[in-house]
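Below is one structure, written out as structure tokens, with a few remarks after it.
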Amino acid sequence: MTPAGRFAPSPSGVLHVGNLRTAILAWLFARSTGRRFLMRVEDLDRARAGAEAEQLRDLAAIGVDWDGGIVRQTDREHLYAAAIDRLTAAGLTYECFCTRREIHEAPSAPHAPQGAYPGTCRNLSDAERASRRAVRPAAVRLRAAATSATVQDVLHGGFTGVVDDFVLRRNDGVTAYNLAVVVDDAAQGIDQVVRGDDLLPSTPRQAYLASLLHIPVPEYAHVPLVVNADGARLAKRDGAVTLADLAAAGVPVEQVRDALLVSLGLPAGPLDRALKVFDPASLPREPWVWPGLGLPGA
Ligand code: GLU
């Protein structure tokens, strides 16, 4: 299988310019290294009717193309279940009955890193589990033997972050993102993961899980986000931030694409032009402040 990169949007709403900029980067990283580029719709959670089609249309409109068909996570539950079964057979999972509130209020375990699951359900007896099962359905957590892991990132170098007993399947039966992403990337032959750097903190957990599943850890590049004037991650409420909003304000898609490319130090125009000179080493490492309707050429 030719190695691949990917973009993996969650169809929860319209893509904004920050998402589009990340998609352009993922495309450039993959295409500049001879990889295939795959499109995976992460629709296990928060899918909104019509959002997928709109997202794919917007990606195509800025010039991002992909190889093969669309892969949807809701079609792949059997793969996630098989991975959880393998972990369970190896004694690497346990049932968890905690509510969010109970986790929040539990005293944290000694030496546990900030934000780590406190381990409340880790060592329940069979009888305790049976009585809790009668009250509420269980989530499935990983029984982690590590408290941290280090990943290598093209832009960040070595990054060490928390590993805890994170959720693999929620108590409503939905597969958790951290499990699905690891299983899918491996099953699709994806060996390069380019995504927003807000996801860097989850990456050590994913790499650790990959090692337990005997899956190769992909190359990672966590790219800087687009932020609003206050330095916060761009959101719909920040005004005209989608292609549709911008078109309604008189800004054509080519101009949005060009502004995104120029913000990355790349030449404006069709993406093939940027591809010819793309060099990860010269990418900006700082977030880009979205100039709104004051974008270049407007
Ligand atoms: N679906 C995730 C998101 O839209 C991205 C996951 C990933 O790239 O690993 O934020």
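Below are the figures for this structure:
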| item | result |
| --- | --- |
| Near-label residues of region 196-212 by backbone N, under 19 Å of a point 7 Å along Cα→Cβ of Ala232 | 197-199 |
| Exposure of His16 as accessible area (Å², to 10), given a probe of 1.4 Å and all protein chains | 30 |
| Estimated dipole of the chain in Debye, rounded to 20 [Cβ of Lys and Arg +1, of Asp and Glu -1, Cα centre] | 420 |
| Alpha-carbon centroid distance for the pair region 250-278 / region 39-97, whole angstrom | 29 |
| For region 141-218 and region 228-242, distance of Cα centres in Å | 28 |
| Net charge, Arg31 excluded, C-beta distance under 14 Å - Lys, Arg +1, Asp, Glu -1 | +1 |
| Label-point gap, in nm, between Arg101 and Thr120 - each point 7 angstrom along Cα→Cβ | 1.1 |
| For region 73-187, size of Cβ-based charge dipole, Lys and Arg +1, Asp and Glu -1, in debye | 360 |
| The chain - percent of accessible surface contributed by carbon and sulfur, probe 1.4 Å | 53 |
| Residues listed by number, region 121-141, amide nitrogen under 20 Å from Asp85 label point at 7 Å toward C-beta | 138-141 |
| Mean accessible surface per residue for region 106-146, computed with a 1.4 Å probe while every protein chain stays in place, in Å² | 63 |
| Rough spin-label spacing in nm, given labels placed 7 Å along Cα→Cβ, for Ala281 and Arg48 | 4.2 |
| Dipole moment magnitude, nearest 20 debye, region 1-124 about Cα centre, only Lys, Arg, Asp, Glu C-beta charged | 340 |
| Dipole of the chain, positive end: most advanced residue of Ala82, Val167, Ser131 [Cβ charges, Cα centre] | Ser131 |
| Under 15 Å from the Asp67 label point (7 Å along Cα→beta-carbon), backbone N, region 1-45 | 1-7, 27-40 |
| Debye log10 I(q)/I(0) at q = 0.07, 0.09, 0.15 Å⁻¹ for the chain, Cα point scatterers | -0.30, -0.49, -1.21 |
| Dipole of region 185-298, positive end: most advanced residue of Pro284, Ala232, Val194 [Cβ charges, Cα centre] | Ala232 |
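The values are calculated or read from the model by the stated rules, or taken from the named source; none is laboratory data. Here the structure is a predicted model, which is why all the values come from computation and not from measurement. Every residue, glycine among them, receives a Cβ derived from its backbone with ideal geometry; neighbour counts consider all protein chains shown. The area values use the complete protein model at the heavy-atom level, side chains included, leaving out ligands, DNA and RNA. Shrake-Rupley method; radii C 1.70, N 1.55, O 1.52, S 1.80 Å.
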